[in-house]
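Colleague: Below is a structure I'd like to ask you about.
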Amino acid sequence: AGDAPPAEANGYAGDTPLAVEETHRQEAQHREAEEAHTREAEVYKKQEEEEEQEDAHRQEEEQADRREFEEQQACNSELDEEETHLAASNTEQAGKARQSTNNSMPQEFPHRPSVATWCTIQPLRQFIRDADLHELPTVNVPVGVQDSVAASIDKELCVYPGFTEHAYRLVFPYEDRFAPDAPHLHTVMPSGIVETNATLRPQKEEGLIAFAYPQSISDELADSPVLNRADGSVDDSVPVDNSPRTLRETAFVWQREDGTNALLQTWPTNLNEQFRKTFEISEGTNPDSEKFQPQAVSEFQEAMVRLFGPAAATCPILFCHKKTVNTSPAVVGISEEVLAHIKQHPELMRDLAILSIDSEGLGFVADGTCGDDTKFEKHFMLTPGEQCVVYRKAGWDT
């Protein structure tokens, strides 16, 4: 009864206590190794899952970048159609603006100064093609403008303390190449407004400048009248003999093969030493087809042929780029809200060089200053409901 149980009862028949202890140690090491292997497998699996998630995230970002690029391309191609649609819905207002704008602008520019400043306006989507708005807030902003900036936060509009403009422009150096011809220039806006009526006298360093992207105009506006008096201002009477009766009859509006209407908005510039210093210029060769869109180049060339004749096809186009930092405030928002905000902040109004605001007529009069301190006034009409930018412009060239 007092005999010890056989060794088999402990599972280690014939083993000494030391052998049993060694067996236990080996089993513990084995368990630890299995646990370590399990942990490593879990870590490896987690790393694989994280890498898969990162790959999926990268793919999503790439797809988002592609979508953003495609949307931007679509926006660029649709911009002129949208501007045209907005302008067409406001044809009556555009007609009034045509009269006030032409009456306020000089009609010829034989001695036009190369430097001038005045307040102007652009559709937002057109503005951001060439400009990067500066971040908010910033230092060295006038107190009155700081108040305006603060008042604009959390609203539908925003006042930026400036912007950096990358002006990409096409230039046709007509100079005296086609003398004695002196064709007539109409600077036609997408709204149908004829901003400038000028006779292009053959003269050294004279050229026409235009945007580096194509523009369009609606059928209704393309067929609207161009009515001129001998002094070049707009009149609601019968057109002068031999002058175009509609915008479509000018050299700057025509129907494309796809049925849309091409618009070539161009204005005079001086190709003097200052111009050549401030612009990077490539003559006859497109240095960047993304910035200087081939369709715009082709339509610019076509308009010049329509204006000067077949010989214009051999005149090389200048591809010009200029970077300018503008520290004047830029007011961004819906047209009606932009004008209301500016009117409520006299210091901002002065900083933008605005003489007066017509809230009911949705317009303003800019107080322009030429490089020789000569003053001039320029009237602008805004398109109702349009996202726009009001800012102070420097220079005739861009």
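Colleague: Of all residues in region 188-225, count the ones that are farther than 22 Å from Arg245 by Cβ and in contact with a Ser or Thr (Cβ under 6 Å, 6 or more places away or on another chain).
Modeller: Selection size over region 188-225: 4.
Colleague: Now, a different point. Does Val145 fit the bill of being open to solvent by less than 50 Å² (accessible area, probe 1.4 Å), assigned to a helix (DSSP H, G or I) and modelled with pLDDT under 85?
Modeller: The answer is yes for Val145.
Colleague: Any residue at all in region 310-326 that's assigned to a helix (DSSP H, G or I), without any contact (Cβ under 8 Å) to a residue 40 or more places away in the chain, buried (at least 18 other Cβ atoms within 10 Å of the Cβ) and not β-branched (Val, Ile, Thr)?
Modeller: no
Colleague: Considering only region 186-195, state which residues are closer than 23 Å to Leu318 by Cα and surrounded by fewer than 22 Cβ atoms within 10 Å (Cβ to Cβ).
Modeller: Within region 186-195, Thr187, Met189 qualify.
Colleague: Here is a follow-up. State which residue is surrounded by the most Cβ atoms within 10 Å (Cβ to Cβ) when the search covers only region 340-398 and only residues that are free of Cβ contacts under 8 Å to residues at least 12 places away in the same chain and either assigned to a strand (DSSP E or B) or of a type outside the set (A, V, I, L, M, F, W, C) (or both).
Modeller: Looking at the filtered set, the residue picked out is Asp358.
Colleague: Looking only at region 263-298, count how many residues are open to solvent by less than 20 Å² (accessible area, probe 1.4 Å) and not polar (S, T, N, Q).
Modeller: 8
Colleague: Here's a check for you: in region 332-386, which residue that is β-branched (Val, Ile, Thr) and modelled with pLDDT of 90 or more is nearest to Val194 (Cα to Cα)?
Modeller: Only one residue fits best here, namely Val365.
The values are calculated or read from the model by the stated rules, or taken from the named source; none is laboratory data. All values reported here derive from a predicted model rather than from experimental measurement. Backbone-built Cβ (ideal geometry, glycine too); neighbour counts: all protein chains shown. All accessible areas refer to the heavy atoms of the entire protein, side chains included, with ligands and DNA or RNA removed. Shrake-Rupley method; radii C 1.70, N 1.55, O 1.52, S 1.80 Å.
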